[in-house]
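The values are calculated or read from the model by the stated rules, or taken from the named source; none is laboratory data. Everything quoted here is computed from the prediction, not taken from an experiment. Here Cβ is always computed from backbone atoms with ideal geometry, including for glycine, and neighbour counts include all displayed protein chains. In case anyone asks, the SASA skips ligands and DNA or RNA and just uses the protein heavy atoms, side chains included. Shrake-Rupley method; radii C 1.70, N 1.55, O 1.52, S 1.80 Å.
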Amino acid sequence: MTAAANRIAIVTGASSGIGAATARGLAEAGYRVVLTARRKDRIEALAAELTEAGQEATAYALDVTDRAAVDTFATAFKKIAVLVNNAGGALGADTIAKGDPADWRQMYETNVIGTLNVTQALLPALTASGDGTVVVLSSTAGHGTYEGGGGYVAAKHAEHVLAETLRLEIVGTPVRVIEVAPGMVKTEEFALTRFGGDSEKAAKVYAGVAEPLTADDVAETITWAVTRPPHVNIDLLVVRPRAQASNTKVHRES
């Protein structure tokens with residue numbers, strides 16, 4: 001990846017989990033990585049880690065739902081090679097009948113409007129690079145439904161449609177649109193955040209599953225897709241652990 005040595009890759013939600021792992025993967029692949037997230041201390045620590053390893057990384061505190069802040073951030077870049085829209089997440093597991101509209105609104109704002117904000121703001125710089133790549137990290141929740149997941153499923157379906165429509169609208173420009181849709185991934189925060197810090201409920205998500213995906217598994221998938229030759233577009237890549245056949249069919253060992 002010597003051609004990527006001085007190219008910029010921006011990763012949103014890079015403070016932990018898949019975002020942090022993806023930043024490490026792209027930095028190792030030769031990209032100059034810009035880490036964004038709301039938690040400034042975490043991305044600064046990761047940037048320091050990567051720099052100490054001889055890679056190029058910069059931290060920038062950013063809330064992707066704040067359009068004015070996103071637009072200000074975008075002015076720093078004339079050309080970028082890669083945008084990884086990773087910021088997002090799930091809140092709650094209530095039924096449609098009992099779901100909290102505030103949770104739905106927050107999930108939509110983060111997963112969908114956040115992705116829209118950053119993509120719109122940086123699309124000119126991606127195009128100006130002559131070889132840009134937009135990655136949308138959706139979920140298998142964007143391709144199938146399950147009980148208790150209505151709000152998250154709705155947001156991820158919207159994010160999937162955003163990626164699919166963008167690809168149609170910018171065909172003929174030098175920008176690829178890649179969607180990576182992970183299934184069950186065990187990270188330190190995803191399920192814990194979803195259940196409001198309830199570690200017992202979070203643990204039940206992965207109970208009996210010998211090997212759920214890790215953040216590194218997904219990051220390696222993203223890095224592979226991004227580093228294909230410029231004429232190769234991985235439109236959609238669904239990645240699940242072997243134990244998960246669908247959103248609702250999971251093998252759990254007793």
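Considering 148, 99, 88, 114, the condition of being touching a Lys or Arg at 6+ places or on another chain (Cβ under 9 Å) and closer than 25 Å to residue 187 by Cβ is satisfied by 88 alone.
Report, by residue number, each residue of region 5-29 that is on the phi < 0 side of the Ramachandran plot and touching a Phe, Trp or Tyr at 6+ places or on another chain (Cβ under 7 Å). The answer is 7, 8, 9.
Screening region 41-60 for residues that are surrounded by fewer than 20 Cβ atoms within 10 Å (Cβ to Cβ) and hydrophobic (A, V, I, L, M, F, W, C) and picking the one that is farthest from residue 15 (Cα to Cα) gives 53.
When both residues are 6+ apart or on different chains and their Cβ atoms are under 8 Å apart, which pairs have a first residue that lies in region 66-80 and is within 22 Å of residue 130 (Cα to Cα), and a second that is charged (D, E, K, R) and open to solvent by less than 70 Å² (accessible area, probe 1.4 Å)? Filtered contacts from region 66-80: 80/7. I'm checking my understanding of the structure. Among residues of region 210-227 that are closer than 11 Å to residue 185 by Cβ and assigned to a loop (DSSP other than H, G, I, E, B), which one is least open to solvent (accessible area, probe 1.4 Å)? Among those that are closer than 11 Å to residue 185 by Cβ and assigned to a loop (DSSP other than H, G, I, E, B), it is 212. Looking across region 117-141, the residues that are over 13 Å from the mean Cα position of the chain (by Cα), in a helix (DSSP H, G or I) and not hydroxyl-bearing (Ser, Thr, Tyr) come down to 117, 120, 121, 122, 123, 124, 125, 126, 128, 141. Could you tell me which of the residues 63, 94 is part of a loop (DSSP other than H, G, I, E, B), under 18 Å from residue 16 (Cβ atoms), open to solvent by 30 Å² or more (accessible area, probe 1.4 Å) and charged (D, E, K, R)? Exactly one residue qualifies, and that residue is 63.
Rundown of residues vs (1) of a type in the set (A, V, I, L, M); (2) assigned to a helix (DSSP H, G or I); (3) within 18 Å of the chain's Cα centre (by Cα); (4) under 21 Å from residue 114 (Cβ atoms), yes/no style:
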{"residue": "196", "(1), (2), (3), (4)": "no, no, no, yes"}
{"residue": "229", "(1), (2), (3), (4)": "no, no, no, no"}
{"residue": "232", "(1), (2), (3), (4)": "yes, no, no, no"}
{"residue": "238", "(1), (2), (3), (4)": "yes, no, yes, no"}
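I'm trying to understand the selection: among the residues of region 177-215, which are among the charged types (D, E, K, R) and within 21 Å of residue 156 (Cα to Cα)? Of everything in region 177-215, those that are among the charged types (D, E, K, R) and within 21 Å of residue 156 (Cα to Cα) turn out to be 179, 186, 188, 189, 194. When 94, 63 are screened for being over 22 Å from residue 120 (Cβ atoms) and among the acidic types (Asp, Glu), only 94 passes.
Check region 228-244 and report whether any residue there is under 24 Å from residue 95 (Cβ atoms) and either among the aliphatic types (A, V, I, L, M) or in contact with a helix residue (DSSP H, G or I) (Cβ under 6 Å, 6 or more places away or on another chain) (or both). Checking region 228-244: not a single residue is under 24 Å from residue 95 (Cβ atoms) and either among the aliphatic types (A, V, I, L, M) or in contact with a helix residue (DSSP H, G or I) (Cβ under 6 Å, 6 or more places away or on another chain) (or both).
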